[in-house]
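Worksheet: one structure, shown below.
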Amino acid sequence: MMKQLIQQIFIGYYSIKIRTIAIISATRAAKIAFVLFCKPTKSNPNNEPPAIFRMGETLVFKLNQTQIYGWIWRPSSSNGKRILVVHGFNSYCYKFNNYIEQLQHRGFEVLAFDAPAHGLSGGKSINALLYHDMILKINELYGPLYGIMAHSLGGLAASLAAEKMHLLEKLVLIAPATETNTAIHHFFNRLQLPNSLKTKFEEVLVHQAQNPMSYFSISRAIHQIRANTLWLHDIDDPICPFPDASKVQKLNLAHVTFFETKGLGHSNIYKDENVAHRIVSFF
């Protein structure tokens, strides 16, 4: 209850602030909104690490002067294949301990890193392009990767990276942020920002990313991805809505297999035993 109250106060404060500044300067208001869009709320683990994390080897590297922390787990009998686990927005690696254990048990070497501004890593903000850079850096330092499994924002970032990773054989997308336009729409609704500010906001995003809005779409990227892809999505997902995923599903691409769930939502889908079984079996 207290956490929800704090979030409401936070949202209310920035909603008023951005709308007030927009009266004077739409560009300045859009820049503030973009910073907020890329800034996670507290996503540091406040619990003890699962036992599996005390058994992994710690890895550290720098991405644009930001310290990135991660782990690698090596099975006693390796099959020579490495899989990267990629968490979502406002999340961290500890939440995927079950997958790490199962994959390691089946002979895979498993990598997991906290994204910038998440978990144990440094930084103050995250976006799909920065996350994509991190994945490519991991592949350069510790690859080549055989597979990636990614949730939410991590799914979009992994898709953008997978376009350039021609040795990647398998990709798992769990409730991915399919369309950035949808994420922006939800952000504006949550903060009750005027639609008139959206054009300026998108201009700021395009300037920062040096890519058009259309680039940040799995619907676009999926055509360039060579990896065999398993896409899991809940039809009741309120964060990354299923209709966006359904548009890709209707393309009937030969390298993409869809698995629908109902009632799991966005944050719990990867915790489901049936979902976990399908993912591990796919790898």
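What about PHE53, is it in the same structural domain as GLY147 (by TED's automatic domain parsing), buried (at least 16 other Cβ atoms within 10 Å of the Cβ) and closer than 30 Å to LEU36 by Cβ? Spell out how you get there, then give the answer.
On the way: in the same structural domain as GLY147 (by TED's automatic domain parsing): yes; buried (at least 16 other Cβ atoms within 10 Å of the Cβ): yes; closer than 30 Å to LEU36 by Cβ: no.
Here the answer is no, as PHE53 does not meet what is asked.
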Any hit, the range 270-279, residues being surrounded by fewer than 15 Cβ atoms within 10 Å (Cβ to Cβ) and under 19 Å from the mean Cα position of the chain (by Cα): yes
Which numbered condition THR257 fails, given (1) under 24 Å from HIS105 (Cβ atoms); (2) touching a residue at least 40 places away in the same chain (Cβ under 8 Å); (3) of a type in the set (Val, Ile, Thr): (2)
Number of the condition not met by GLU273 [criteria: (1) closer than 30 Å to PRO144 by Cα; (2) charged (D, E, K, R); (3) outside the structural domain of LEU145 (by TED's automatic domain parsing)]: (3)
Residues (modelled with pLDDT of 95 or more and among the small types (Gly, Ala, Ser)) located in the range 55-87: GLY70
Complete set of residues in the range 12-24 that are in contact with a helix residue (DSSP H, G or I) (Cβ under 7 Å, 6 or more places away or on another chain) and either among the aromatic types (Phe, Trp, Tyr) or at pLDDT 90 or above (or both): TYR14
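Just to be sure I understand, how many residues within the range 131-163 are surrounded by fewer than 24 Cβ atoms within 10 Å (Cβ to Cβ) and more than 11 Å from the chain's Cα centre (by Cα)? Break it down stepwise before answering.
Narrowing the range 131-163 to residues surrounded by fewer than 24 Cβ atoms within 10 Å (Cβ to Cβ): 132-133, 136-137, 139-144, 146-147, 163.
With more than 11 Å from the chain's Cα centre (by Cα) added as a condition, the list becomes 133, 136-137, 139-144, 146-147, 163.
Qualifying residue count for the region: 12.
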Residue count for the range 212-255, restricted to those that are touching a helix residue (DSSP H, G or I) at 6+ places or on another chain (Cβ under 7 Å), part of a loop (DSSP other than H, G, I, E, B) and not aliphatic (A, V, I, L, M): 3
Tally, over the range 173-195, of residues that are surrounded by fewer than 19 Cβ atoms within 10 Å (Cβ to Cβ) and among the hydroxyl-bearing types (Ser, Thr, Tyr): 1
Pair list, Cβ < 6 Å and 6+ apart or interchain, from the range 204-221 residues that are farther than 10 Å from ASN181 by Cβ and in contact (Cβ under 8 Å) with a residue 40 or more places away in the chain to residues that are outside any helix (DSSP H, G or I) and not small (Gly, Ala, Ser): ILE218/PRO176; ILE218/THR178; ALA221/GLU163
Filter result for GLY123 (of a type outside the set (Ser, Thr, Tyr), at pLDDT below 95 and over 30 Å from VAL206 (Cα atoms)): no
All positions within the range 37-72 that are within 29 Å of ALA183 (Cβ to Cβ), of a type in the set (Lys, Arg) and free of Cβ contacts under 8 Å to residues at least 60 places away in the same chain: LYS42, LYS62
Residues of the range 81-110 satisfying the condition of being farther than 20 Å from HIS277 by Cβ, surrounded by fewer than 24 Cβ atoms within 10 Å (Cβ to Cβ), touching a residue at least 40 places away in the same chain (Cβ under 8 Å) and in contact with a Phe, Trp or Tyr (Cβ under 8 Å, 6 or more places away or on another chain): ARG82, TYR94
Condition met for THR27 (at pLDDT 70 or above and under 20 Å from ALA183 (Cβ atoms)): no
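I'm trying to understand the selection: among the residues of the range 12-34, which are among the aliphatic types (A, V, I, L, M) and either in the same structural domain as SER91 (by TED's automatic domain parsing) or touching a Leu at 6+ places or on another chain (Cβ under 9 Å) (or both)?
So in the range 12-34, the residues among the aliphatic types (A, V, I, L, M) come out as 16, 18, 21-24, 26, 29-30, 32-33.
Answer for the range 12-34, where residues must be among the aliphatic types (A, V, I, L, M) and either in the same structural domain as SER91 (by TED's automatic domain parsing) or touching a Leu at 6+ places or on another chain (Cβ under 9 Å) (or both): ILE18, ALA22, ALA26, ALA29, ALA30, ALA33.
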Test: residue in the range 259-267 that is over 23 Å from ASN181 (Cα atoms), in the same structural domain as ASN98 (by TED's automatic domain parsing), in a strand (DSSP E or B) and not charged (D, E, K, R): yes
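The values are calculated or read from the model by the stated rules, or taken from the named source; none is laboratory data. Note that the structure is a prediction, hence the values are computed from the model and not measured. Because the Cβ atoms are built from the backbone with ideal geometry, glycine has one as well, and the counts that use them run over all protein chains shown.
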